[in-house]
Amino acid sequence: MTPKVSILVPVYNVSNFIERCVHSLFQQTFDDIEYVFVNDCTPDNSIEKLQKVIEQYPNRKERIKIIHHEQNRGSAAARNTAIDNSSGKYIQYIDSDDWIEPDMIEQMYNKAETEQADIVVCDFVIEKANTNEFCSDFVPECQEDYFFTMIACKGYGYLWNKFVVRQLYEIPECRPVEGLNVLDDRQVSTRLYFYAKKIAKIDKLFYHYDRTNANAITASKTSMHYENVILFHKLLEVFLKDKGLWEKYKQYVDRSKAMLKIQLFLEKNDYKLRKKYANLYHDVELNYLKGLRKGEKTVIILTHFKLHFLAHLAVKYIHWKNRKINKLK
């Protein structure tokens, strides 16, 4: 019998977090759930811990699948494997270092069925080491505004706070792109919002996004992050041109390029890395400095004019100042 919901969970290097995550999944008030875990060749004992938790929930055991990759292929590939091995009417992604509230799936499912929604969105909490940040997502009322909301970054691009009807993921353009492991959520969400006929919202904090995992792909920045930003925008440009929407949305793509470069350059990454990608989006970055703090503007302007060492010192100063402010709080 086809399950009503499939929960899909990539697993990689989450030994300290996976038990909490899985308990929250198996303790859901909704019963008709299929669970698909994808072991992306994790180097730790995450799978052993997963299997121990499974033994504590015999009522869930028959609806659990663990798929093993022969080599590490990244989160996008793991998500595709999970989709291919699932069968539920609705799909819910969960990251294995996060956790969810007990009634999340029940309420998201009921909302989707009641409103005949292709996507149901909920709010979430960013769990940090010393504080929590409560985040309310935005969903416009009109279908015509769905795509604009995502392309203009007015809504969050995360997949894990979106409960999605399976039919959308069956559209090839709505599948994760293997090799794109940064911005992979936004890449897919943009396409989902383009094709969705109805998106509903529940104003409840159901999802807990853990930012304390030092092994997470977002924890430190490398060349891969820059290359994925470049790939993301190339894919987006191809998509928009294919739909005849490039001229309409080009300004928002340019803004996205500038903002993502600024974010990367303000991270505590390697000086050589910042210098290597100094020319990235060189033609648009100075058009989008409005709204930045003085120090952030300084970093981008110095980099723009190839004053790399001064830009590096400016970044170090910004992080020193932020640490000092945090100590005073």
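Computed from the coordinates by the stated procedures, all read-outs in this text should not be read as laboratory data. Keep in mind the model is a prediction, meaning the values are calculated, not measured. Note: ideal-geometry Cβ built from the backbone for every residue, glycine included; neighbour counts use all protein chains shown.
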Matching residues in segment 113-135 - criterion: being surrounded by fewer than 17 Cβ atoms within 10 Å (Cβ to Cβ) and of a type outside the set (D, E): T114, Q116, I126, K128, A129, N130, T131, N132, F134, C135
Quick check: anything in segment 52-72 basic (K, R), farther than 19 Å from D185 by Cα and touching a residue at least 60 places away in the same chain (Cβ under 8 Å)? yes
Are there any pairs with C-beta distances below 6 angstrom linking a residue in segment 297-317 that is without any contact (Cβ under 8 Å) to a residue 12 or more places away in the chain to a residue that is part of a helix (DSSP H, G or I), with the two at least 6 apart or on different chains, and if so which? L310/L302
Residue identified as under 19 Å from Y226 (Cβ atoms) and more than 27 Å from the chain's Cα centre (by Cα) among H312, H282: H312
Could you list, ordered by first residue, the pairs with Cβ atoms under 8 Å in which the first is in segment 107-121 and within 16 Å of F138 (Cβ to Cβ) and the second is of a type in the set (F, W, Y), at least 6 apart or interchain? I119/F163; I119/Y193; V120/F163; V121/F163
Can you name the number of the only condition in (1) surrounded by fewer than 17 Cβ atoms within 10 Å (Cβ to Cβ); (2) part of a loop (DSSP other than H, G, I, E, B) that Q28 fails? (1)
